[in-house]
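Colleague: Please read through the structure below; I'll follow up with questions.
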Amino acid sequence: MNIYVLLKQVPGTSDVKMDEETGTMIRTEHKNVINPLDENALAEAIRLRDVMPEAKVTAISMGPPHAQKALREAIALGADEAVLLSHRGFGGSDTLATSKALAKALVTLAGGKLGKNDLVLCGERATDGETGQVGPMVSAILDVPVVTYVRKIDCENHAIVAERVVEEGLELIKASLPAVVTVIKDINQPGFPTLSGKLKAKSREIPVITPLDLGLSSDDVGLQGSPTRVVKVFRPRLSRDTIMCRQDSAGTAVDNLISFLEERGVV
Amino acid sequence: MYRGVMIIGEQRGGELHPVTYELLARGRALADKLSEELSCVVLGHDMERFAEGIIQRGADVVYIVDNPLLRNFLPRPYTSVLTRLAKEVKPEIVLAAATTQGRTIMPLVAAKLDTGLTADCTGLDIDPLDRSLLQTRPAIGGNVMATIKTPASRPQMATVRPKSTKPLSADKARSGRVVLKSYEKDMFTTCEELVRFVKDATQDVNVQDADIVVSGGKGLKTRDNFCMIEELASLFGAAVGATRDVVDLGWVGYPHQIGLSGKTVSPKLYIALGLSGSVQHLAGMQTSETIVAINKDPDAQIFKVADFGIVGDLFDVVPELIEKLKERKNGKLRREG
Ligand SMILES: Cc1cc2nc3c(=O)[nH]c(=O)nc-3n(C[C@H](O)[C@H](O)[C@H](O)COP(=O)(O)OP(=O)(O)OC[C@H]3O[C@@H](n4cnc5c(N)ncnc54)[C@H](O)[C@@H]3O)c2cc1C
Ligand SMILES: Cc1cc2nc3c(=O)[nH]c(=O)nc-3n(C[C@H](O)[C@H](O)[C@H](O)COP(=O)(O)OP(=O)(O)OC[C@H]3O[C@@H](n4cnc5c(N)ncnc54)[C@H](O)[C@@H]3O)c2cc1C
């Protein structure tokens, strides 16, 4: 069984800068982290591997060269292998272009086709782009089942049973393998790097894959392969005409509030 | 030639979910700007009875795909049918709700159609210059808004955040066509199966359907004090909301969380107590009709979006408000009795 974890490096804090000209994010090298839900996906992959005979966990990321730091962290946390898709040609990819590249990488790593027991794990969404589209899109391109919003996975022979959290409750879904699963925070508590993991992470080569290696042309990936374009980025504008009152001992503020609510017809 | 606007109706447990009416309102506005037709697709079993209501709320055409195998939402058959229908009808715009269903099905269909998809839009408009769809969405923790276009691929696809728009009221005089679609059997084959559905009572909080939401933040200081929020809410007949910090502290469950990583609400009245108004929280409530804020810090961000603000200590203001509301209620009862 091969378990693949799609892992995105994201800015660690909310201080993200946008290039207002191109509508792309300006990333700096420091303070980048593994997307939090991808840590859950990785932890789940490791948990499943440890109960499956001969299972292997491979972390795959697409991003700038420094995204290999996130992959080294993944190895320290327990991944067996890691590969990085990195090349200028991948830059500016939207979710469709990203998914095409990741799907092609999966097929290539699996030797032409995902195996009958293979599983691809993703986060439900990443904290920067926040579309939650990459997991399902990868599954559509690979033409394999997808289960989204998952908080529990049980593996059976050639199938999984997953708990999917929806608005009104919980669905128990059975899907055949290979499949893509996107996980939510409730699935587990991510672990910590181990000492042996850290040592392994230091020495491990992380192969870098380019579009050419995957047989992808510039029409498939990057800006050219992306049907969407960010045309404008701006700060959310708020503001209303606010009636402000200061609380006082006479209670006029509360009286004013009640009159205001009566005027608006909400009480 | 791609023409017209198509929305994907949301079916849950054999019922049409009201978010469909929000999509119809969005779709109607866009279709009118383009002077094109608005269509609505409904997948499921025994769903034809909803067609009339859909037309009354803005659709010109309703496509019904009826099959017992579509009773439950399953990605594979839903993708096959919607992809096929989009290829037949060729709409220039396709919208679905940004719910667990919509956020799952739309990326699948977009990838099959090899076209772009914009997630979780709060604003949709038509660019007067080239008639293309302007899709505006919050990203990066609500810190930025991005407007996205799909210049060359069709259809232009977007998921729309629930409760970010008001449905149109039903117009009994509206007319439209109902088209029943049937497909060959292998369109419905699946490799996923719904083994069981367990309704979760704790998900029943329904802050999204409430007319009034009373929310508390960390300013309440303890779980015990949070009871004040609950009391005020029950006086208003309101649902209880909370900030993420409060949910993380365990004072109330996650279904109460309002904001970017919680629920988006747009009630008639939102009362914010002892919460600062972080961008992430605002992302979930700033479209409320009326916003009231009580905070001891006159510079708190929440006042920027409030219609009525009281600067003061909530431990004085809230009990006073509760008292006066009770008096008012009793007075009313006495007058009526
Ligand atoms: C402000 C802004 C708004 C955007 N809006 C859109 C939009 O509406 N539509 C659109 O198509 N693109 C959009 N993009 C581009 C999009 O963010 C990128 O394509 C990005 O690569 C996908 O990121 P995401 O955060 O949306 O991923 P998500 O789909 O939220 O990620 C889900 C999971 O997929 C996996 N994954 C995602 N990206 C990678 C990766 N690079 N390597 C490995 N695994 C990965 C991870 O497991 C992750 O948890 C936007 C970009 C910005 C800056
Ligand atoms: C990716 C991401 C997603 C997030 N998602 C969400 C989300 O969905 N929802 C959400 O809410 N947050 C979210 N957050 C967290 C958000 O950034 C804030 O930390 C949070 O909203 C703050 O909660 P708060 O207002 O309760 O607390 P604080 O910011 O600490 O505010 C407490 C307020 O109470 C006031 N106060 C204190 N004592 C009194 C008193 N006696 N009387 C009156 N006022 C008093 C203070 O003046 C202050 O304004 C998210 C953050 C990130 C990074």
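The values are calculated or read from the model by the stated rules, or taken from the named source; none is laboratory data. This one's a predicted model, so the numbers in the text were calculated from it and none came from an experiment. Cβ: placed from backbone, ideal geometry, glycine included. Neighbour counts: every protein chain shown. Keep in mind that these areas ignore ligands, DNA and RNA; they rest on the heavy atoms of the full protein, side chains included. Shrake-Rupley method; radii C 1.70, N 1.55, O 1.52, S 1.80 Å.
Colleague: Being out of contact with any strand residue (DSSP E or B) (no Cβ under 9 Å at 6 or more places or on another chain) and either more than 29 Å from B:Glu22 (Cα to Cα) or touching a residue at least 60 places away in the same chain (Cβ under 8 Å) (or both) is the filter here; which residues of the stretch B:260-278 pass it?
Modeller: Across the stretch B:260-278, the qualifying residue is only B:Ser266.
Colleague: Just a yes or no: is a residue in the stretch B:289-302 under 23 Å from B:Asn143 (Cα atoms) and away from chain A (no Cβ under 12 Å)?
Modeller: Taking every residue of the stretch B:289-302 in turn, at least one turns out to be under 23 Å from B:Asn143 (Cα atoms) and away from chain A (no Cβ under 12 Å).
Colleague: Quick one: in the stretch B:234-248, which of the residues that are surrounded by fewer than 22 Cβ atoms within 10 Å (Cβ to Cβ) and near ligand 2 (Cβ under 9 Å from one of its atoms) is nearest to B:Ala139 (Cα to Cα)?
Modeller: B:Arg244
Colleague: Which residue, of A:Gly191, A:Gly169, is surrounded by fewer than 21 Cβ atoms within 10 Å (Cβ to Cβ) and either polar (S, T, N, Q) or over 19 Å from the mean Cα position of the chain (by Cα) (or both)?
Modeller: The unique qualifying residue is A:Gly169.
Colleague: Among the numbered criteria (1) open to solvent by less than 10 Å² (accessible area, probe 1.4 Å); (2) assigned to a helix (DSSP H, G or I), which single criterion is violated by B:Lys112?
Modeller: (1)
Colleague: So, one more: When the stretch B:280-330 is examined, which residues are found to be of a type in the set (Val, Ile, Thr) and away from ligand 2 (no atom under 12 Å from the Cβ)?
Modeller: B:Thr287, B:Thr290, B:Ile291, B:Val292, B:Val305, B:Ile322
Colleague: Next question. Of the residues that sit in the stretch A:125-166 and are outside any strand (DSSP E or B), among the hydroxyl-bearing types (Ser, Thr, Tyr) and open to solvent by 20 Å² or more (accessible area, probe 1.4 Å), which one is nearest to the other protein chains (Cβ to nearest Cβ)?
Modeller: A:Thr131
Colleague: Going residue by residue through the stretch B:114-123, is there one that turns out to be more than 23 Å from A:Ala103 (Cα to Cα), modelled with pLDDT under 95 and at the interface with chain A (Cβ under 8 Å from one of its Cβ atoms)?
Modeller: Within the stretch B:114-123, one or more residues are more than 23 Å from A:Ala103 (Cα to Cα), modelled with pLDDT under 95 and at the interface with chain A (Cβ under 8 Å from one of its Cβ atoms).
Colleague: Continuing with the same structure: Scanning for something surrounded by fewer than 23 Cβ atoms within 10 Å (Cβ to Cβ) and more than 24 Å from the chain's Cα centre (by Cα), does the stretch B:281-297 turn up at least one residue?
Modeller: The answer is yes; a qualifying residue exists.
Colleague: Taking the stretch B:263-288, which residues are within 16 Å of ligand 1 (Cβ to nearest atom), within 8 Å of another protein chain (Cβ to nearest Cβ) and not hydrophobic (A, V, I, L, M, F, W, C)?
Modeller: none
Colleague: Select, from A:Ser217, A:Ser239, A:Ser249, A:Ser176, the only residue that is at pLDDT 95 or above and open to solvent by 40 Å² or more (accessible area, probe 1.4 Å).
Modeller: Selected residue: A:Ser176, the only one of A:Ser217, A:Ser239, A:Ser249, A:Ser176 that is at pLDDT 95 or above and open to solvent by 40 Å² or more (accessible area, probe 1.4 Å).
Colleague: For A:Ser61, state whether it is outside any helix (DSSP H, G or I), open to solvent by 10 Å² or more (accessible area, probe 1.4 Å), in contact (Cβ under 8 Å) with a residue 12 or more places away in the chain and under 30 Å from A:Ser217 (Cβ atoms).
Modeller: So A:Ser61 does not fit the description; no.
Colleague: Related question: Across the stretch B:303-337, what is the total count of residues that are in contact with a strand residue (DSSP E or B) (Cβ under 6 Å, 6 or more places away or on another chain) and either open to solvent by 70 Å² or more (accessible area, probe 1.4 Å) or within 8 Å of another protein chain (Cβ to nearest Cβ) (or both)?
Modeller: 9
Colleague: Can you name every one of the strands (runs of 3 or more DSSP E) wholly within the stretch B:133-233 that holds 1 or more residues which are crowded, with 18+ Cβ neighbours inside 10 Å?
Modeller: Per the criteria, B:133-139, B:144-149, B:156-160, B:192-199, B:212-216.
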